[in-house]
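To start, the structure under review is shown below, and the notes come after it.
Every read-out reported here was derived from the displayed coordinates using simple, explicitly stated rules and does not represent laboratory data. Source: prediction; values computed, not measured. When we count neighbours, we look across all protein chains shown, and the Cβ atoms used for this are built from the backbone with ideal geometry, even at glycine.
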Amino acid sequence: MITVVTILDEIPFVPDSADLLKTLGLDASSDLASEIQDVVDQAASVAKPKALYGVGYVEERGRDTVTIDGVVFTSRVLRMNLTDVYRVFPFIATCGLELDGLLARYSDELLRYSIECLKSQALNAARNHLITHVRSKYGISGLSSMHPGSGDVAVWPLEQQVELFRLLGDAPARIGVQLNESCLMQPNKTVSGILFPSERDFYSCRLCRRDKCPGRRAPFDPELWKKTHEEDIEEND
């Protein structure tokens, strides 16, 4: 387990009204725009996105496993990505609990959906702030990440959240993040994973064959998928 964890809780966040209206398919001159702007103003006053990270060290590598500070993670893709990496940064970034409090004030579905969109914006602010901080503090220009449950199930199973939270100890609770029995995090707009130095950006999306995914950040790469599954293919021949 990592004993020293850095918490980032003074993260600037300015909601993007124009982007929200675009997402909702509304024009700035529409009758609903003023209601949406009121929600945006309230979100700006209460939102407190947060992030945390620790510095971990790769201790062992197996065929499909990587041991970081005494915690064993099972993922061939993670093991391959960390082949020449010894220092990693396990992390959590979240929109914060405050926007859930705002959500509870509304019953109108459009306004509630607007707040969910603003929670996504707050999460992006937290994640971007975290990455900028780690790059600057540790002098790392190329930084990639992997997330349990992102991509096909074989890439890094969602259940590995348990090990990630074990690695971070009680730190997630200090920023209001909890893991439930289904390995889903609360608040719902929260992301966890491992940051690692990399000369080339890695996106789990490149190993995901789901065609319709609103969160896709890169196209499916069949050659990379084949490379990460070569040993399985050989065993089944």
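Below is a table of values for the structure above.
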| item | result |
| --- | --- |
| Neighbourhood net charge (13 Å Cβ-Cβ; Lys/Arg +1, Asp/Glu -1) for Val58 | -1 |
| Label-point separation, Asp16 to Arg105 (7 Å along Cα→Cβ), nm | 2.4 nm |
| Order of Met80, Met185 - criterion: other Cβ atoms within 10 Å of each residue's Cβ, fewest first | Met80, Met185 |
| Sequence ranges 157-163, 28-34, 90-96, ranked by mean other-Cβ count within 10 angstrom, highest first | 90-96, 157-163, 28-34 |
| Added length on full extension, which subtracts the Cα-Cα distance from 0.36 nm per residue, Ser136 to Met1 | 46.1 nm |
| Unsatisfied cross-links (Cα-Cα over 24 Å) in the set Lys48/Lys189; Lys22/Lys50; Lys22/Lys137 | Lys22/Lys50; Lys22/Lys137 |
| Trypsin sites (Lys or Arg not before Pro) within the stretch 36-114: DSSP coil, no more than 12 neighbouring Cβ in 10 Å | Arg63, Arg105 |
